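A short write-up of the structure that comes next.
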Amino acid sequence: MKKKLTLPVQIAIALIAGILFGLICYFAKIPQFTTNYLKPFGTIFVNLLKFIVVPVVLLSMIDGIISMGDMKKVGSVGWKTVAYFLVTTAIACVIGLIIANIFNGAGLFPVLQNAEGAEWTGKTTQNFMDTLVAIFPDNMWKAFTNSDMLQVIVIALLLGGGVLAAGEKARMAKDLVGTLYAVIEKVMGFIISLSPIGVFTMMAWVVATKGPDILGSLALVLLAAYIAYFLHAVLVYSMAAKTFAGVNPLTFFKLASPAMIFAFTSTSSAATLPVSEECALKLGAKKDVASFVLPLGATINMDGTAIYQCVATIFLATCSGIHLTIGQMVIIVVTATLASIGTAGTPGAGMIMLAMVLTAMGIDVNMIMIIYGVDRLFDMGRTCLNVTGDISCSLCVTRWESKKAAKANK
Ligand code: ASP
């Protein structure tokens, strides 16, 4: 019986085939063949990715906010969890940016195009107040048609909040969001299933037109991401587990390792949930806290994804000849934090959300194709980190809650 190749295998084959074909065209001095006949198919794939970004962000955020409606019941667990998620994700972004800038400063990321006037063409300006004002939409449809992702997120926050506030009257709206999100998830799955075509055509084009040197750069950007993943796990998670939950870092990683390995191979936080819960309970998390924190974390807490988005954004900005200032890095921290919250806990979802960060930063979304072929390698590490963060959060919140209960009993 013929077995169908899984998507990661298909992508790996497409990647290698694309590189080989690109090298042949490069050395045969016919790079225009890839530009004329292959790249258009890659562009179709990228267009589909762009098309899906707005509905995915809008619906997944509203859906997430609505599901937080339950958080009122578990009020204090809820805010502690979200605070932990936000703080650690912002720290993850900073670590990602520092490592990426060290690599960039050492000249390890290549400039591929010296686009004229590509300094900073995004809608946001250097002025903080202008940036702030630009986040708030004056017209909902304009935000959608311009794919202005910060505005789309504000719209999602407002609509999601509105649904919660309207309570029982908004039952149909809740159901509608859930139904539409299920449809969009299917469409997203279909688009992702086309990725081998996108990978082959764009990889062949990139290698044929930019030459073989680009391959070394991909290894470097992967290395940058993995150094940042590692630092975040060791510095932030083990410190949090030790300081807030009193768990020895070595014990933490030892008992969390089944979930980490499962996440690394499955590249899905959602699929790892049952294993994460087992690990969290073994580490001392309380069942009620873990069963609240872990599913929420698998949906909105994605520190590995945030790191990946920061590193990839710096890399692709450099590739496009765009120089980012410190002010713009701050915007990356905010956007990547929000983008990682909107990332679903499924394979490859973080890469779709990368399109949002790039759009917000005024970087051509087509640049994603440079790293698309190796996304699975980024994804393995980032999912592993995402899951580790959820487990460490469940331990800390358990401890905070039991301290609170002990105080109340005094
Ligand atoms: N695969 C990741 C996860 O499930 C999400 C991502 O693609 O960044 O956690």
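Taking the conditions exactly as written (touching a Pro at 6+ places or on another chain (Cβ under 6 Å) and buried (at least 18 other Cβ atoms within 10 Å of the Cβ)), does S195 satisfy them or not? No; evaluated as a whole, the condition is false for this residue. When region 231-248 is filtered for residues that are open to solvent by less than 40 Å² (accessible area, probe 1.4 Å) and of a type outside the set (F, W, Y), the ones remaining, listed by number, are H232, A233, V236, S238, A240, A241, A245, V247.
Across region 335-358, which residue is nearest to the ligand (Cβ to nearest atom) among those that are in contact with a Lys or Arg (Cβ under 8 Å, 6 or more places away or on another chain) and assigned to a helix (DSSP H, G or I)? Filtering first and then ranking leaves G350. One residue stands out in region 345-367 among those that are buried (at least 24 other Cβ atoms within 10 Å of the Cβ) and closer than 19 Å to L294 by Cα: the one that is modelled with the lowest pLDDT, namely G345. Output yes when any residue across region 273-292 is in contact (Cβ under 8 Å) with a residue 12 or more places away in the chain, within 14 Å of the ligand (Cβ to nearest atom) and within 23 Å of V94 (Cα to Cα), and no when none is. The answer is no; no qualifying residue exists. State yes or no: is F200 free of Cβ contacts under 8 Å to residues at least 40 places away in the same chain, in a helix (DSSP H, G or I) and open to solvent by 10 Å² or more (accessible area, probe 1.4 Å)? The answer is no for F200. Listed by first and then second residue, the pairs linking a residue in region 369-386 that is within 17 Å of V9 (Cβ to Cβ) and open to solvent by 10 Å² or more (accessible area, probe 1.4 Å) to a residue that is more than 8 Å from the ligand (Cβ to nearest atom) and at pLDDT 90 or above, with Cβ atoms under 6 Å apart and 6 or more places separating them unless they lie on different chains, are L377/L222.
Working only within region 293-323, note down all residues that are of a type outside the set (G, A, S) and within 12 Å of the ligand (Cβ to nearest atom).
If we filter region 293-323 for residues that are of a type outside the set (G, A, S), which is where we start, we get 293-296, 299-303, 305, 307-311, 313-316, 318-319, 322-323.
Selection gives T299, I300, N301, M302, D303, T305, I307, Y308, Q309.
Residues in region 359-391 that are more than 17 Å from I341 (Cα to Cα), within 16 Å of the ligand (Cβ to nearest atom) and in a helix (DSSP H, G or I): I368, I371, Y372, D375, R376, L377, F378, M380, G381.
Once region 271-290 is narrowed to residues that are small (G, A, S) and in a loop (DSSP other than H, G, I, E, B), the residue that is nearest to the chain's Cα centre (by Cα) is A285. Please go through region 291-334 and give me each residue that is out of contact with any helix residue (DSSP H, G or I) (no Cβ under 6 Å at 6 or more places or on another chain), aliphatic (A, V, I, L, M) and in a loop (DSSP other than H, G, I, E, B), ordered by number. Selection gives I322 alone. Look at region 326-339: where a residue is open to solvent by 40 Å² or more (accessible area, probe 1.4 Å) and a partner is in a helix (DSSP H, G or I), sitting 6+ places away or on another chain with Cβ atoms under 6 Å, you get L338/I153.
Taken over region 269-318, the residue count meeting the criterion of being open to solvent by less than 10 Å² (accessible area, probe 1.4 Å) and of a type in the set (F, W, Y) is 2. Among all residues of region 54-61, there is none that is at pLDDT below 85 and not in a helix (DSSP H, G or I).
The values are calculated or read from the model by the stated rules, or taken from the named source; none is laboratory data. In this text the structure is predicted, and so the values were computed from the model without any measurement. In this analysis, Cβ positions are derived from the backbone assuming ideal geometry, glycine residues included, and neighbour counts consider all displayed protein chains. With ligands, DNA and RNA removed, areas are computed over all heavy atoms of the protein, side chains included. Shrake-Rupley method; radii C 1.70, N 1.55, O 1.52, S 1.80 Å.
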